[in-house]
Every structure is written in structure tokens, then in C-alpha cells.
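I have placed the structure first, in the form of C-alpha cells, so that the comments after it can refer back to it.
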Amino acid sequence: MRLFENSPGHGCTPGGVVMKIHEKILTHYLSCTSPVDKEGYLYKKRERNTTYLRRWFVLKGNLLFYQERPGDRNLLGVIVLEGCLVQACETDGQFCFSLVFTGPGLRTYRLAADDHLSQESWIGALFCASHIYLSMIVRDLERRYEEAKKDKGLCDSIQTSAVTSSSNNIMASWNSGQPYFVHGTSIVPRDGRSYSTSSVPPPSTQNRPISYSLHAPPIQFKTTNKRSPKLWPKRNAHVIPLNGPAPSYGEWPVVNFDPLEEFSKLHEYYGNEIKQLRAEWLKKKRGEVGHVEEDLIDLG
Amino acid sequence: MRFNEKELVFLSRQPPERAAELGMRGPKKGDVVKRRLVKLIVNFLFYFRTDEDEPIGALLLEQCRVEREDDQVFSIVFLDEAERKYLFECDSQEQCVEWIDAVVKASYEFMRKNLIYYRTEIHRLTGKDPLEQYGISDETRFQVNSGLPPPPT
């Protein structure tokens, strides 16, 4: 076990093993010509103190850098955004949010924005910043691309009538971002009302918990079908409701880094809902006059 | 520069994309080849002494070039002013080729480009933006310069 005292590019774990992060590689990545993903002022709570310090943050890829001011040559630090939850949290006042690293002895970074818009914008950007998240999306898009290519060949010659939804949208639609959290407690459905989906998170008022939610799309029906589309309740994969205390450490969702395993569990879990819907739809349709036997979902 | 070391060490313990004992040589003149356990996880290459649990270091695999140096040897060159080159000696040609492929594909920027490509293509083929259903189509990190409809307001 080797110990270094605050040498550049070495960690500062007191009395612990120190890992070298090759600072120059990071700073080069930050300063190279590729665009940054987001930057702006945020307040960062000190680790052992309750004060918040204003810092200039720059998000690029899965790295969140911070410095005193924009254009400063000296970077104060970097946070590698893998394995953390991004949550709004009002315990320290307005417009706060946290990066909660889930694992034994791991840290929570407490940040605060200047206003609600900035808070939501940062939460949104950080939420989808991890490499693991990106890799899941890419895998999904790759599959959908292959299917779209095949479908394109078929669609050109076939007229579809009633239902336009594709299996891809539904089966792959549940995506909670970080694949760690299969635990029921971590995915909190909003109150029972349904919402029309859009890609913009719903506006929140001051009295309600601020949240960033991912939501699955409605099953799409062509206008000829009189039944209105079922609207999916919004799910907040990364916001723990503020009405109660935060769960004790033992109740945090289990971190499991195998995206495939967790995703397939999620897939199955939400797939059941779809199977049910599909069965109901089929039952109903069979009762109708002039029904052409066709499944709700074309599984190809 | 401070960094979240504990969290990175925790990351280094997760199932890797790829891991092997390789001969590793650093960029400095006078650096010699040392046997290291090398683990590729997300866009970091962690390296460990073969008998230790804690990584000695982590190389961010961005802004770098990966090259075949020899039958069984590849290098990673970081494209900063110093152009630091790290050498990795594999046990076989096959292993060498697989590592090169894995390191190239591990880069965040590489994946981002793929995402943008698939997004554009799916939109072209289906008329739909596949990112809408994830609620992330407006995020700047996934933007394409052209070819997509304006985001819904």
C-alpha cells in the first residue's frame, strides 16, 4: 500500500491506497475541440462543511469537471458519473439536487442551481450522462435500426390498417436510464392520474416534489380506432418521493453493474403489463363486428 | 485535481468489458514492461498489480489512438501535446486484435457517434425520432446537425 500526499493526479483518500488518474488525459479531453454537453454555475456543498461554494461546472461525456470560474486554467476537480443516481432534493433549500453514488462508503455530492429551470436542465443532462446509460441506448437503437431496415422492405408492399404501434416501441420502451435499479421501491409511479406523453418533463409547482421522469409512450392507435390510447403513468426512475425520509442505507436499490441482466429483468417486469393489455385488447376486439384477426402487437 | 477516487475504485471492481494480464509499458523513457492486470470498464482502462485488489491507475480512453505495434502488441497514444504512448503486450495475435477493437469501441465519443448515426437512420426509415420515447430527444449531447424535425414544444 503506497501513500502519497496530494501529488497531482492522485486521490486524496486519507491513509488509503491512492490511484493515479492521469490528469492530463482528462484535461485534454475537456479542452479539445469536441463540444461540451453542458456548462454553467452551480453551488457545490463542501464535503465536511455545510457551506455551498459557487463553481463553474462543465459536463462532457460521463465526466463532470468543476473550477472556480469559466476559463480558469486550474481545474479544481472532476466527478466520474458512473454508478450514481441523480435526484432532486429539497432538504438544503431550493433548487438542490444530488449525485448519489450507491455502494458501501460512497459519497453523495450535493449541488444546487440558481433556479428551477437550471435545476431541471442539469438533472436531465446528468441523468443521461453515464457511459452505461449511453451504451444501453445505443444497443437498443442498433436493434431498432436493423428492424427498421427490415420493416422498410415489408412496409413498402403491405398496407397496415388498424394498429400502427410497433413491437419495438413497446418492448424496448421501458428504459429507466441507469440499469441498476430493479427494486420496486426505486421506481415510483406518479399519482394515479395519467399524463399525455411528451418528451418534455411536466412542469412542477413549488409545492410538489421536483422530478425528472422517463416515460414510456402510449400504445399508438390510428384515428379510425375510436378507443383513446391508454396513457402510461409517468415513472420517476430517479426520484425518491420527498414525503417521507430517505430510505435507510440498507434499502437503497442494489447496485448491479450488469446492464444486460438488469435490463432483461426490467423488460420482463414491464413486459407483463403489455402482455396483459394485449390480451385484453384481443378479447375485446374479437367481440366486435367485422374484426380482422390481427394482434395488437406485431411481433414479426 | 480532485476526483471521486472511492467511486472509481468501486467502478473498477465491477464486471469488466474485458480483462487480462498483459505486459504494460508506460510512456516515459526508461519505463519497462511490467505485468499488469488490465481491466476495461466503461471508457476507463484500469490497471492493477497482479496480486493487488486496488488499481494503481486508470486511463481515460478518450482522445486517443489505438495502434497495432506488432503481432501481439498494441499501443494507446494520447493525443495531447506530449503524445504519451502506452504499450500493451498480449499473449496472442487474437487477443491483441480483440483488445484493440474493445478499446476503440469503449470510447464515449465513439458510442455517441453511433447513437447519432442510428438516430438519424431510424428517423429516415421510419419518420420517427427513436429518442422521443426515452424523453431525451432534446438533450444537447444527442443532437444531430440536420435531418430531424424540431423538438415538440
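Placing +1 on each Lys and Arg Cβ and -1 on each Asp and Glu Cβ, with no other charges, gives chain B a dipole about its Cα centre of roughly 260 debye. Excluding ligands, DNA and RNA and using a 1.4 Å probe, chains A and B jointly bury around 6200 Å² of accessible surface, summed across both partners. With the simple spin-label model, which puts each label point 7 Å out from Cα in the Cβ direction, the B:VAL104 to A:THR108 separation comes to 4.4 nm. Protein heavy-atom accessible surface, 1.4 Å probe, per residue over the stretch A:12-147: 39 Å². Of the GluC sites (Glu not before Pro) found in the stretch B:54-153, those in coil by DSSP whose Cβ has at most 15 other Cβ atoms within 10 Å are B:GLU81, B:GLU83.
Among the trypsin sites (Lys or Arg not before Pro) found in the stretch B:14-48, those both in a DSSP coil and sparsely packed, with 16 or fewer other Cβ atoms within 10 Å of their Cβ, are B:LYS28, B:LYS29.
Of A:LYS24/A:LYS45; A:LYS60/B:LYS6; A:LYS24/A:LYS149, which ones are farther than 32 Å apart at the Cα?
Numbers: A:LYS24/A:LYS45 26 Å; A:LYS60/B:LYS6 21 Å; A:LYS24/A:LYS149 43 Å.
A:LYS24/A:LYS149, as the Cα separations exceed 32 Å there.
Hey, can you list the residues from the stretch A:29-50 whose accessible area shrinks by 40 Å² or more with all protein chains present, relative to the chain by itself (probe 1.4 Å, no ligands or nucleic acids)? Going by heavy-atom accessible area, the residues of the stretch A:29-50 that drop by at least 40 Å² are A:TYR29, A:ASP37.
Of the accessible area of chain B, computed with a 1.4 Å probe over protein heavy atoms only, carbon and sulfur atoms account for 46 percent.
Measuring nothing but protein heavy atoms, the accessible surface of the stretch A:39-166 at 1.4 Å probe radius is 48 percent carbon and sulfur.
Rounded to the nearest 20 debye, the dipole magnitude of the stretch A:64-143 is 300 debye, with +1 charges on Lys and Arg beta carbons, -1 on Asp and Glu beta carbons, and the Cα centre as origin.
The values are calculated or read from the model by the stated rules, or taken from the named source; none is laboratory data. Being a predicted model, the structure only gives us computed values, none of them experimental. All Cβ positions, glycine included, derive from the backbone under ideal geometry; neighbour counts span all protein chains shown. Side chains are part of the model used for accessible areas, which takes the heavy atoms of the whole protein and leaves out ligands, DNA and RNA. Shrake-Rupley method; radii C 1.70, N 1.55, O 1.52, S 1.80 Å.
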